[in-house]
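This report concerns only the one structure given below.
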Amino acid sequence: MFTPPPPPSKRPTPPSLSRRRWLQCTALAGAAPAAWSAPAPAGRAVTIAQIADLSAAQQDVSRDFLTGSRAAWQELNAQGGLAGRPVQHLVLETDGSAAGLQAAWHKAQTTADCVALSGCVGNAAAAGLATLQARSGTGTPLAQVAPWLHGTEAWPDDTVFDIFPGYQAQIAHALKTLASMGVQDMGVAYGSASIQQQSQAEIARAAQTLSVRMQPLPLARREAARAAQRHALILFVGGTPELHDFTRQIQLPPGRQCYVVALADVNLQVLAQMKGMPHNTSVIATQAVPLITSPLPVVRAYRSALARLYDEPPTPLGLAGFIAARYTAEALARAEGPLTRASALAALRRRTDTHIGGFTVAFQGKKRANAYVTQTMLTPDGRIVG
């Protein structure tokens, strides 16, 4: 049975707002976290770096993810830190450019007490960091722990430890739910040319694995919406503003219904506030974490920490950031001897199965073995179920 969602965010976004203005508003709403005055643990601090792409294209993903991670690290310090040492959570923001990403990576690499990267976000930034590290070949590499990474690449230097299910698992979960409709083909719409370039190879692999025909729709929004009329099911790869712009232009004949399957970078709470959805279009969004209404201990811990530390509503992306930090702390706590880059990397390479308040991270060899995927639906009348 579906559980009603939590009260909507206090950040209303009229449908007439431009993408730039909408992102500016959401950034200002979350720019000032509540003050935290818990006593820090004694000892020399250990630095954990988090690189976040806060460009216009990724800000709606990274902001909530960062908030969840900040809450987790603050809670950890209030409970004694990591192996008795306080954690210095170093956030390095980038503008989405290759130069900005390289500068942030260089800053993390040259910070003496930095032992790992944790929860780097979004997908393009996390993949770019993995490539930078693989090419550097200098010094002890920084482990990249629990990044927001949707691909299935096997990085040759074994420094990437992803815990969230990627595109293939997300799409498979959504299609299983819709299998009763007898759908064998679907249209694929991309939010932008850059998103298509980053994602189309992974989407093609998912289609082949699932034996589903996927037909790319035109990039131009109006042409894509017109082409969408030929499909009962559409996979959308992109962010919340692009999805809103796409769906509100879909015009179906009377009696026709369209389902748009969005992936984990979409926030249905924000989409519902933007309004303007067609009366015969429903959006199903996959989530790489438990539902934020779940009674699981990790969800309760996230909601409790968020209520105490930040004036923010809970979101799936925030929960993902919280889990990323919690997993990093538990994995590094198993390091043998002094906590250094080398001991952290060695502990992570053992890939010990970990249970984080009901969220299980398991591995088969070097690959994650579990895929915790959930989904929620935004109905045409604006209700969120799931």
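Annotations
- Criterion applied to Ala125, Ala134 was being within 21 Å of Leu263 (Cβ to Cβ) and outside any strand (DSSP E or B), and the one residue passing it is Ala125.
- Tally, over segment 108-128, of residues that are out of contact with any Leu (no Cβ under 7 Å at 6 or more places or on another chain) and buried (at least 18 other Cβ atoms within 10 Å of the Cβ): 5
- Condition check for Ile195 on (1) outside any loop (DSSP other than H, G, I, E, B); (2) more than 23 Å from the chain's Cα centre (by Cα): one failure, at (2).
- Near pairs, Cβ below 7 angstrom, 6+ apart or cross-chain, from segment 90-107 (open to solvent by 80 Å² or more (accessible area, probe 1.4 Å)) to any residue that is among the polar types (S, T, N, Q) and modelled with pLDDT under 95: Asp95/Ser55
- Residues within segment 216-234 that are closer than 17 Å to Ile195 by Cβ and modelled with pLDDT of 80 or more, tallied: 8
- Test for Ala307: is it surrounded by fewer than 21 Cβ atoms within 10 Å (Cβ to Cβ) and either touching a helix residue (DSSP H, G or I) at 6+ places or on another chain (Cβ under 8 Å) or more than 24 Å from Ile171 (Cα to Cα) (or both): yes
- On inspection, Thr352 qualifies as closer than 27 Å to Ala49 by Cβ and either β-branched (Val, Ile, Thr) or over 18 Å from the mean Cα position of the chain (by Cα) (or both).
- Residue within segment 236-247 that is modelled with pLDDT under 80 and open to solvent by less than 20 Å² (accessible area, probe 1.4 Å) present: no
- Residue in segment 166-177 that is at pLDDT 90 or above and either crowded, with 24+ Cβ neighbours inside 10 Å or in a loop (DSSP other than H, G, I, E, B) (or both) present: no
- Matching residues in segment 355-386 - criterion: being farther than 20 Å from Pro295 by Cβ, polar (S, T, N, Q) and touching a residue at least 12 places away in the same chain (Cβ under 8 Å): Thr379
The values are calculated or read from the model by the stated rules, or taken from the named source; none is laboratory data. Just so we're clear, the structure is a prediction, and the values are computed from it rather than from any experiment. Glycine also receives a Cβ, built like all others from the backbone with ideal geometry; neighbour counts cover every protein chain displayed. For accessibility, only protein heavy atoms count, side chains too; no ligands or nucleic acids. Shrake-Rupley method; radii C 1.70, N 1.55, O 1.52, S 1.80 Å.
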